[in-house]
Amino acid sequence: MIYVSRKEHFNAAHKLYNPLWTLEKNQEVFGPCANENWHGHNFDLIVTVKGMPDPETGFVIDLKKLSILIRSEVIDKLDHKNLNLDVEFMKGKLASCENLITEIWKILQPRISGISKFGKLHSIRLYETPRNYVEYYGE
């Protein structure tokens, strides 16, 4: 099995805030991430596709096509946006990285087969900061 990855970047703002809780509880649980006026991150998104290479091209997936897919279906909808207010697929969800990555999976997973007959989505890694990231394997 071969694993092929593409890294993309976006900037976005968000606020971690549970509307069912008091302001005090939100501040206790989320700290400065519950800032009333939002806060932002420089996110890195790494999408990994696994499979065996196509005997005609030698590719598991054409990385240019993967980049176009990620940019058109995810990055263009997230970059320089407020995750809480501007992103349709995050409406009604707490804007945590855990929720964001599962929504990104739902977007990309069914579309990968449309650009690769030999690869399937293996994992997504989302860096919120250089030291904090989440990974999702669709499980």
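Radius of gyration (Cα atoms) of region 2-136, expressed as a multiple of 2.2 N^0.38 Å: 1.17. Qualifying chymotrypsin sites (Phe, Trp or Tyr not before Pro) in region 1-100, where qualification requires a DSSP coil assignment and no more than 14 other C-beta atoms within 10 Å, comprise 21. Angle, helix 97-115 long axis vs. longest principal axis of the chain, Cα atoms, 0 to 90°, nearest 10? Its long axis makes an angle of about 20 degrees. Here's the picture: charge each Lys and Arg Cβ at +1 and each Asp and Glu Cβ at -1 in region 2-136, and of 41, 26, 67 the one pushed furthest to the positive end of that dipole is 67. Distance from the C-alpha centroid of region 94-139 to that of region 1-50: 14 Å, rounded to the whole angstrom.
Excluding the site residues themselves, the longest part of the chain lacking any trypsin sites (Lys or Arg not before Pro) in a DSSP loop with at most 10 other Cβ atoms within 10 Å is 1-90.
None of the figures in this text is laboratory data; all of them are computed from the coordinates on show. Quick caveat: nothing in here was measured; it's all calculated off a predicted structure. Because the Cβ atoms are built from the backbone with ideal geometry, glycine has one as well, and the counts that use them run over all protein chains shown.
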